[in-house]
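Read the figures in this text as sums done on the coordinates, not as results from a lab. Worth saying up front: this structure is predicted, and the values here are computed from it rather than measured.
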Amino acid sequence: MDELDAKIQKVLSTQDNELYGDLNHEPSFFELIGDTFHGRNRWLVVVAYVMMFVMFAGALFCGWQYFHTEETRAAMDWALGFFLLMMFVSGMKIWYWMELNKNAMLREVKRVELLIASLHKGDES
C-alpha cells in the first residue's frame, strides 16, 4: 500500500508543480490586452475599441479643419470638437485601464484562493 501511496503522491506533486508553474507566469502587456477580449464582457470591449478609434479619427479631422479654416468662429467650433472628442477618447482609455486592473486583481485573488486551498488540503492529510 505504501508503494501505491508514493505513486499517487508523485503524480499529485507533478500536477501541483505544473499548476503552480502556471500561477507564477506573469502575463505580458499584450497577453493582458488579449485577455480582455475573452469572457462575458468582450462585446463591451470591442464596442469601446471601435468607439475610441472612431472618435480619435473624428478628433484628427477636427484638428485638421481647425488649422485650415479662415474664420474665427469656425476655428473655435473645430477646436471645441477636437477637445470634446479627445476627452471622450481619454475617458474610454481610463475605463479600459481600469478593466485591465480589475482583471489583474481577479487573477491575484484567484491565485491566493488556490494557495489557501492547497494549504488547507495539506492540513487535512
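A few points about this structure:
- For segment 25-50 and segment 62-109, distance of Cα centres in Å: 20
- Taking 0.692 mPa s as the viscosity and 37 °C as the temperature, the Stokes-Einstein diffusion coefficient of segment 27-124 based on its alpha-carbon Kirkwood radius rounds to 199 µm²/s.
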